[in-house]
1. List the residue pairs whose Cβ atoms are under 8 Å apart, where the first residue sits in the range 30-50 and is touching a residue at least 12 places away in the same chain (Cβ under 8 Å) and closer than 14 Å to Y97 by Cα, the second is of a type in the set (V, I, T) and not in a helix (DSSP H, G or I), and the two are 6 or more positions apart or on different chains.
2. Just checking, how many residues over the range 262-309 are among the hydrophobic types (A, V, I, L, M, F, W, C) and either in contact with a Gly (Cβ under 9 Å, 6 or more places away or on another chain) or open to solvent by less than 50 Å² (accessible area, probe 1.4 Å) (or both)?
3. Which residue out of L23, L38 is closer than 16 Å to Y264 by Cβ and crowded, with 22+ Cβ neighbours inside 10 Å?
4. List the helices (runs of 4 or more DSSP H) inside the range 238-295, counting only whole elements, that have at least 2 residues being touching a Leu at 6+ places or on another chain (Cβ under 7 Å) and among the polar types (S, T, N, Q).
5. List the number of the failed condition for E67; all other conditions in (1) among the charged types (D, E, K, R); (2) open to solvent by 60 Å² or more (accessible area, probe 1.4 Å); (3) over 26 Å from G100 (Cβ atoms) hold.
6. Restricting the search to the range 110-132, which residues are in contact with a Lys or Arg (Cβ under 9 Å, 6 or more places away or on another chain) and either outside any helix (DSSP H, G or I) or closer than 23 Å to T226 by Cβ (or both)?
7. Can you tell me which residue among S249, S206 is modelled with pLDDT under 90, open to solvent by less than 60 Å² (accessible area, probe 1.4 Å) and closer than 27 Å to I74 by Cα?
Amino acid sequence: MEKLRCCGNFLESSKPYFAMISLQFGYAGMNIVTKVSLNKGMSHYVLVVYRHAFATAVIAPFALIFERRGQPKITFPVFMQIFILALLGPVIDQNFYYAGLKYTSPTFSCAMSNMLPAMTFVMAVMCRIEKIDVKKVRSQAKILGTMVTVAGAMLMTLYKGPIVELFWSKNIHPRQSYVTDTTGTTDKDWIKGSILLIIATLAWASLLVLQTKALKTYKNHQLSLTSLVCFVGTLQAMAVTFVMEHNASVWQIGWDMNLLAAAYAGIVTSSISYYVQGLVIKIRGPVFATAFSPLMMIIVAIMGSFILAEKIFLGGVIGSILIVIGLYSVLWGKHKENKEKEVEEIPEPVKSIQANGNTILVIGDIEANEVELEKEEANNKLSEVAIPHQSQPRPKIIEV
């Protein structure tokens, strides 16, 4: 029985780890499938439209079933919040990310996305949501981590270096249509792709900062908020596509890699991942969920070398290491900050005192409560003296 109980406890405690590792494989697959689709000529504007249309179709029914009651009223300020969130996420972030992915490689794009915690910290400081106390170690760690992350991103952008040969990729010959020709990419395109990826990360960081206000309105209706953002984002992405793409043939999609890329990105990374990541954040917190993002970069590097024959450069390797070091420095500072907040929220010392056979719980100002307890004990003593006199039987009167 004890062995079964230990196994059950181990499996229960391991669920968040398995969930986050599975999510990283899902994200990695999205990057590979999307890169193949873009290499085959699919417009990234159309891909964004189809992706969020799939996401809306998947999330909206669950929102209607589980969050039908108590829906917040969509006033003009609430609508503007949803509109801006949709503009930052589905439109700006996704379009710039896919454009940057087209100019660079999946591994490079994943490495750049690890800048997100540092960018979010910078945006939160600029919006005065987060305060900096330079004297505290946690603030120093976040500032240093941000600087190291930016240095890693600049190194990856400005320096490619020689190709790093992976021993398992020497004898692999994938299909020519899947190959990512990173060696033929010019330095101009590489820098352009890097800038696009940085802008995408900034847009996503801005979304995370501004989302806090919207979540106060939709505190108990997060699925509804996600479905509304995806729906409005789909309409905005359609408008952008009509402006940028004048050829009607770009909208054509069949039973091919383009459909797989749109469906995979919409269902897996915009629907399932949202639900799973939300559960993990509730159990273990946001720092735990973010700490697994470098694993995606490693998975993409291995999968990309097999499927896309992707070439990895020395500058990308060194820059990725610096970004990961900066990422964990920022996360460590955030973890310490959360611990300090938990300590501050603990109430005053708690006492459990026996008085007249009853347990009295004392919370707050101990000195004031001690005075109250002394009064309570004095009243109890008086009652103990008075009660026996009342309960004594009357003497019998003997008639003579």
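The values are calculated or read from the model by the stated rules, or taken from the named source; none is laboratory data. A quick note: this is a predicted structure, and the numbers were derived from the prediction, not measured. Note that each Cβ is placed from the backbone with ideal geometry, even for glycine, and that neighbours are counted across all protein chains shown. Accessible surface is based on the protein model in full, side chains and every heavy atom, while ligands, DNA and RNA are left aside. Shrake-Rupley method; radii C 1.70, N 1.55, O 1.52, S 1.80 Å.
1. Partner pairs satisfying both residue conditions: K35/T180; V46/I253.
2. Number satisfying all stated conditions: 20.
3. Of L23, L38, the one residue that is closer than 16 Å to Y264 by Cβ and crowded, with 22+ Cβ neighbours inside 10 Å is L23.
4. Numbers: elements: 257-264, 273-284, 286-290.
Filter on the range 238-295 gives 273-284.
5. Here E67 clears every test but (2).
6. The answer is P117, E130, I132.
7. S206
Conditions (1) over 22 Å from I281 (Cα atoms); (2) in a helix (DSSP H, G or I), marked per residue:
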| position | (1), (2) |
| --- | --- |
| A19 | no, yes |
| S22 | no, yes |
| F25 | no, yes |
| L47 | yes, yes |
| H52 | yes, yes |
| A60 | no, yes |
| A63 | no, yes |
| G70 | yes, no |
